[in-house]
Protein chains: 2
Amino acid sequence: PSRFKAKLITVAKSIKKLAQDDPRRIIHSLKVGLALTLVSLLYYVRPLYDGFGVSGMWAVLTVVVVFEFTVGQTLSRGLNRSFATFSACALGIGAKHLASLSGEKGEPIILGILVFLLAAASTFTRFFPKIKARYDYGILIFILTFSMISVSGSRVEDLLEMSYQRLSTILIGGAICIIVSIFVCPNWAGQDLHKLVASNIHKLATYLEEFGGEYYQNCSENEEEGCGGRDVSKNDKSFLQGYKSVLNSKNTEESLANFARWEPAHGRFRLRHPWKQYLKIGALARQCAYKIESLNVYIGTSDTKVSPEFHGTIQEVCMKMSSESGKALKELASAINTMSDDPFSSANAYVESSKTAANELKIALESASLNNVDIQAILPSATVASTLIEIVSCVEKISEAVH
Amino acid sequence: PSRFKAKLITVAKSIKKLAQDDPRRIIHSLKVGLALTLVSLLYYVRPLYDGFGVSGMWAVLTVVVVFEFTVGQTLSRGLNRSFATFSACALGIGAKHLASLSGEKGEPIILGILVFLLAAASTFTRFFPKIKARYDYGILIFILTFSMISVSGSRVEDLLEMSYQRLSTILIGGAICIIVSIFVCPNWAGQDLHKLVASNIHKLATYLEEFGGEYYQNCSENEEEGCGGRDVSKNDKSFLQGYKSVLNSKNTEESLANFARWEPAHGRFRLRHPWKQYLKIGALARQCAYKIESLNVYIGTSDTKVSPEFHGTIQEVCMKMSSESGKALKELASAINTMSDDPFSSANAYVESSKTAANELKIALESASLNNVDIQAILPSATVASTLIEIVSCVEKISEAVH
């Protein structure tokens, strides 16, 4: 029992953490409960119940499968489901009528062939990447409704009634979802995308701001040992790990951008907000993260001895490059956050000063006296320096894309 | 009309390309058609139809939503749906019985509260990453069935009948899906994962094998211009772009590994095949791809003049490192493909020789005379060299993980 208790406490803790990480999760759960309870009321309002009969369950079903975390996704599923049901009902009744012309024996054969062809063709269209991104669910519902209507074995008049009931209950269910999703503490996919991109850039900025201090502090502290000789394990420095989540952010960003396109104007976002621009900025941020990944190798490695002499020559300017580009990114992140469309004066200033630092580095390298220096000893510093130069140009690109 | 014709041709071409890229897509589409036609037959077999009545449509619905591209995903959805329906029916009938004890007026209120609580709690559990990965669909169906059963307004006896029909039709639909999916040209998620990981490593190998030639050939051809001075646009070299798809392979690999776990033993894969190992190899391959990404910057850039003198010193050994580690990866990829469990003698030999080359490089760097050399001029070569050293150690890790 004490073991059981321990397990229970672990579960309770993980629930608490999940809720604290994003309190909207709790609100979303309550919203789903609310929408379902609302749709259940349909059953208890007698006139409605008598009108819809068994089909009332389609409304329940619709709420469960359509209600999603973001408004955009809910809208996308709701609209997909409604249009797909409508067109499939129309086509299904047409197919039924066509098949019934060929007599009682031919009907099932013709219907079977039609179902086979339509299902195979629709399934194939789901492989088109663009269609999959936006209409996957609609096609699924289309196949489903078409087969249900055409094989149901009823007469055409009954089918009309059945289609009407299915469509109207789905519309009711979809409407409840969309209303609850928009008007009760909405989670906008667009806003999520906006925040995600800004926070990714902010993470890169934090890394770059800390990198200079982290990497060169080691050098000045234990100069006799060379640089990067500190024993602190990398994992202790959580601020240096933040950028890792940027590396694999592509899928999240793309799906959020997809859902954002379905959303109506809200808050500071107009209807035709340039969501594609976020994907562009996101891609550039990932490029920058790849470069940081190769920088990160040099923190905490102590297997190579680094020439302090050479190091001293470029330390100051490298630290400046790193911290200035970090500051530029931080300004860009907050510019995205506040959506200020001014000429980003402060961000631009930082970009400029990081570019100046990069040029200074180039000059310092040219003028550095390198008589009888062990190349192997300067290799790590040289690599760090050239990676930093690349990061500076990457930050400049991000700044242009944000602008 | 000529415009319409042109558009039609474009669509036809993209369909052809989609089918040629992966012919299994066509087979999958036909399989979905087959499964749907099979389940439709239920309606035409009179005794069955009379037995199931309207519920027969649940079988159609099940086939459409359960049938997925890979066997693992189909099994996962089918089993999730069956177990969720079973437990939700049981709980729903229990809830209905409980509520009916409190009289006609209290019943809807108690049921409403129960539906609200269960829906909210279940929705919240869907946020747990582990549960989301494996049981997301099951929880959805659980909420759906529970609300449908408990608000349906029928008596308990009718509910038993309804649950029995729903469960049995879902089992029939699920069974048809699983049978068609396994016995008609199966697409195993495990096999896909296996091939994906092997082909990713193969792509990295191709890049590394070509890199040396590509980068240093430029130097020897136009020695007076320094290295990397060729004007050929990067996009012409498709073999140098293959590694890019490895950068974002994480999500695909993870979902395939998830589905693979549901699959029975097939072909060369036992039941408890170590799928997690593939994720580990995949993560290492991504690490290696990040490093290649930073190498790739140096191909085709012509803005920095590189010292040919220094370049010559390390060219041979760098080319050797690159090509040997490329060969090692190629051997590893084919070892994964053939699942040969021998000591990977050839791969190991290549790994060893690339390590030797890395050591030679270190020695060459130490002994290189560097009097009055412009550091900026050697910076690109130095960075390439140190990145190659990292790649060699990364390849060694991959080799250990494959072993």
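Data table
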| read-out | value |
| --- | --- |
| Residues being among the aliphatic types (A, V, I, L, M) and under 17 Å from B:A121 (Cβ atoms) - total across region A:1-17 | 4 |
| Close pairs (8 angstrom Cβ cut-off, 6 or more residues apart or separate chains): open to solvent by less than 50 Å² (accessible area, probe 1.4 Å) and modelled with pLDDT under 85 in region B:230-258, of a type outside the set (A, V, I, L, M) and not in a helix (DSSP H, G or I) anywhere | B:N248/A:N248 |
| Failed criterion for B:W58 (all others in (1) of a type outside the set (A, V, I, L, M); (2) touching a Gly at 6+ places or on another chain (Cβ under 9 Å); (3) under 24 Å from B:P264 (Cβ atoms) hold) | (3) |
| Residue within region A:371-379 that is open to solvent by less than 20 Å² (accessible area, probe 1.4 Å) and at pLDDT 75 or above present | no |
| Region B:145-165 residues that are farther than 20 Å from B:L117 by Cβ, paired with ones that are at pLDDT 75 or above and exposed (fewer than 13 other Cβ atoms within 10 Å of the Cβ) (beta carbon under 8 Å, 6 or more apart) | B:V156/B:H97 |
| Residue in region B:72-79 that is in contact with a Phe, Trp or Tyr (Cβ under 8 Å, 6 or more places away or on another chain), open to solvent by 50 Å² or more (accessible area, probe 1.4 Å), over 15 Å from B:V184 (Cβ atoms) and modelled with pLDDT under 85 present | no |
| Filter result (surrounded by fewer than 19 Cβ atoms within 10 Å (Cβ to Cβ) and more than 8 Å from every other protein chain (Cβ to nearest Cβ)) within region B:120-132 | B:T125, B:P129, B:K130, B:I131, B:K132 |
| Residue tally, condition modelled with pLDDT of 90 or more and away from chain A (no Cβ under 14 Å), over region B:81-112 | 6 |
| Test for B:F183: is it under 28 Å from B:I336 (Cα atoms), of a type in the set (F, W, Y) and surrounded by fewer than 19 Cβ atoms within 10 Å (Cβ to Cβ) | yes |
| Residue match in region B:58-71 (condition: over 19 Å from A:T123 (Cα atoms) and at pLDDT below 90) | yes |
| Matching option when the condition is modelled with pLDDT of 80 or more and open to solvent by less than 10 Å² (accessible area, probe 1.4 Å), among B:A283, B:A289 | B:A289 |
| Residues of region A:102-119 classified as more than 22 Å from B:S29 (Cβ to Cβ) and open to solvent by 90 Å² or more (accessible area, probe 1.4 Å), total | 2 |
| Boolean, A:S181 is in contact with a helix residue (DSSP H, G or I) (Cβ under 7 Å, 6 or more places away or on another chain), within 21 Å of A:L117 (Cβ to Cβ), within 14 Å of chain B (Cβ to nearest Cβ) and not aromatic (F, W, Y) | no |
| Answer residue from region B:138-149, given it is more than 27 Å from the chain's Cα centre (by Cα) and at the interface with chain A (Cβ under 8 Å from one of its Cβ atoms) and is surrounded by the fewest Cβ atoms within 10 Å (Cβ to Cβ) among those | B:M148 |
| Among (1) open to solvent by less than 50 Å² (accessible area, probe 1.4 Å); (2) closer than 24 Å to B:F67 by Cα; (3) modelled with pLDDT of 85 or more; (4) not basic (K, R), the one test that A:Y135 misses | (1) |
| Options B:E309, B:E366, B:E390; residue that is within 14 Å of chain A (Cβ to nearest Cβ) and at pLDDT 75 or above | B:E390 |
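The values are calculated or read from the model by the stated rules, or taken from the named source; none is laboratory data. All values reported here derive from a predicted model rather than from experimental measurement. Positions of Cβ are generated from backbone atoms using ideal geometry, with glycine treated the same way; all protein chains shown enter the neighbour counts. Side chains included, ligands, DNA and RNA excluded: accessible areas come from the protein's heavy atoms. Shrake-Rupley method; radii C 1.70, N 1.55, O 1.52, S 1.80 Å.
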